[in-house]
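Here the structure is laid out as structure tokens; the discussion comes afterwards.
No lab work stands behind these numbers, since they all come straight from the coordinates. On a predicted model such as this, the values are computed, not experimentally measured, just so you know. Please note: Cβ atoms are built from the backbone with ideal geometry, for glycine as well, and neighbour counts cover all protein chains shown.
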Amino acid sequence: MGTTAEPRGTVRRSVAGAIALLAAASLITACGSGEGGSGGSGGGKADAKGVDDGTKLTMWTRAATRPQSEALVKAYNASHKNQVKLTVIPTDDYQAKVGAAAGSKDLPDLFASDVVFVPNYTSSHLFADLTARIDALPFADHLAQSHIKAGTYEGKKYVVPHTLDLSVLFYNKALYRRAKLDPEKPPTTLAEWDRQARAVDALGGGVDGTFFGGNCGGCGVFTWWPSIWAAGDEVLNKDGTEAKLDSDTAKKVYETYRGWVRDGIVAPGARDETGTTWTGVFPKGKVGVMPMPSTTLGLMPKGLDLGVAPIPGPDGGKSTFVGGDAVGVSATSRSLDQAWNFLAWSLGDKAQVEVVAAHKDVVARTDLASNKYSKADPRLVTINQLVADGRTPYALKFGQTFNDPNGPWLTMMRDAVFGNGSSVEKDNKAVSDSLAD
């Protein structure tokens, strides 16, 4: 997620790139043994810091995470003998670029990935095994476990968090005051969210209760699924091959959104919103409460009095979709120890606080959720603390199922909210068929 023109994280992805990745993955059996050059595999005794001996390293990242990647690389290069040369690749071209480089065994030493596509890379053996190195970090248990789990394949860990983007509720405190709502009491249940959105909508005069991307599959998974997780339910099975999007909890979520559409509580344009301008509606100050990417907080107008809250379930609870990017060492790198030195440093206290937190981004460690920068803005503490309650779904067929505008999830979304909700079970089966295909 990110800017309105180029959301970073999970929402705006290139379907063509995803298809290219899957095609490339089908041709790649392994780019290496996973032993990763110097330093050996992830087994045995691991050095938590790696080696800083002046090695020149190469790294790729997609354009959607350019600011964070450049800031980390710049700080590392200024303080280490090793030097990282960063190449930023257009987001829409990224999967195809990685697939082609993997096929020719020409991957860089380090490369990042949208976290939902990490399973495609790990299952194709594109990353080196980092298990022992990750486990040796003194703060290993505090790393964003959603990213760690997404990068775990057959019991081995291959990636660490690089950037994080969370789905959260933004609410307009000025509109809450006008609607006689307590601006310090955001919704803690889906029912309260419904009531508060309707109260703001009743103000009229061009003010609307809420908004969502109704023609954007990525927007739906990013902002609807947390309400299901908050209730303790799952959206997919463990292997990501079967959908559970027809549960009673899921139906309550759809019913709430459907009620907003039916009663005109949603700002105009939701039905056709593909995600391109989705995050540009709330900043105009005419929407009461809606789920948003956490990374848009720093892009909001300075005069907009807004609060941030977790996304609740029908009867309470809280959760978030933890998007963003993970990063690992390529299986063909001959500088594993040196590449790991960069990764370990990037997760350390100084990098996470003085680089990540200083730029108002979400830290990758739960033990650093409250730091000198986030303490200056309680909203950042709320966002950082949500990492521990977040999920990142695991599915090899994620792109074709949930991000493809012709995929079954978008059909399910639209049937459930703009239709009468009678086809949930049928649509859920279509999603499961796509995941298992």
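Find me the longest stretch of the chain that has none of the exposed GluC sites (Glu not before Pro), where exposed means in a DSSP loop (not H, G, I, E or B) with at most 16 other Cβ atoms within 10 Å. My reading of the result: 185-437 is the longest stretch.
With axes computed from alpha carbons, what is the tilt in degrees of helix 408-418 against the longest principal axis of the chain, rounded to the nearest 10 within 0 to 90? Tilt of helix 408-418: around 20 degrees. Proximity of backbone amide H atoms, modeled 1.01 Å from N, is registered between L169 and M292, A309, I311 at under 5 Å, excluding neighbours fewer than 5 places apart on the same chain. Under a GNM of the chain (C-alpha, springs under 10 Å), which listed residue has the highest mean-square fluctuation: D208, D233, D141? Maximum fluctuation in the GNM of the chain, among the listed residues, is at D141.
Kirkwood hydrodynamic radius computed over the stretch 280-409 comes to 17.4 Å, based on all pairs of distinct alpha carbons. Net charge dipole, the chain: roughly 960 debye, given to the nearest 20, about the Cα centre with Cβ charges of +1 for Lys and Arg and -1 for Asp and Glu. Can you give the calculated 222 nm mean residue ellipticity of the chain, where each DSSP H run of n ≥ 4 adds -39,500 (n - 2.57) and the sum is split over every residue, rounded to the nearest 500 deg cm²/dmol? Taking each H run of at least 4 residues, the total per residue is -10000 deg cm²/dmol. Helix 66-79 and the longest principal axis of the C-alpha atoms of the chain enclose an angle of approximately 40°. Given springs between every Cα pair under 10 Å in a Gaussian network model of the chain, which of L336, L166, L299 has the largest fluctuation? Fluctuation is largest for L299. Straight-distance candidates among the aspartates and glutamates for linking to K156, with alpha-carbon spacing under 20 Å and chain neighbours fewer than 8 residues away dropped: E35, D47, D109, D114, D129, D135, D141, D239, D325, D337. Put the Cα centre of the stretch 91-136 next to the Cα centre of the stretch 366-421 and the gap is 22 Å. Too long at a 21 Å Cα-Cα cut-off: which of K56/K360; K149/K238; K252/K429? Pairs exceeding 21 Å: K56/K360.
Between amide H atoms placed 1.01 Å from N, distances below 5 Å from L164 occur with D325, V362, all of them 5 or more places distant or on a separate chain.
Would you mind finding the longest exposed-site-free stretch of the chain, with exposed trypsin sites (Lys or Arg not before Pro) meaning DSSP loop and at most 11 other Cβ atoms within 10 Å? Between exposed loop sites, the widest span is 46-179. The long axis of helix 190-201 is offset from the longest Cα principal axis of the chain by roughly 60 degrees. Across the stretch 149-279, the relative contact order, built from alpha-carbon pairs under 8 Å that are at least six residues apart, equals 24 percent. For the stretch 240-286, what does the alpha-carbon gyration tensor say about shape, rounded, prolate or oblate, given a ≥ b ≥ c as the root eigenvalues, a/c under 1.5 as rounded, and a/b over b/c as prolate? Oblate, because a/c is 1.5 or more while a/b does not exceed b/c. For the cross-link pairs K180/K244; K97/K251; K157/K251; K185/K286, the ones whose C-alpha atoms lie over 30 Å apart are K180/K244; K97/K251; K157/K251.
Structural descriptor for the chain: relative contact order 26 percent, calculated from alpha carbon pairs under 8 angstrom and at least 6 residues apart. For the chain, the Cα gyration tensor yields ellipsoid semi-axes of 37, 25, 17 Å (square root of five times each eigenvalue, largest first, whole Å). Set against the 2.2 N^0.38 Å expectation for a compact globular protein, the stretch 148-206 has a Cα radius of gyration ratio of 1.85. Report the normalised scattering of the stretch 364-437 as log10 I(q)/I(0) at q = 0.12, 0.19, 0.26, 0.27 Å⁻¹, calculated by the Debye formula with identical scatterers on the alpha carbons. One equal scatterer on each Cα of the stretch 364-437 leads to -0.55, -0.75, -1.07, -1.13.
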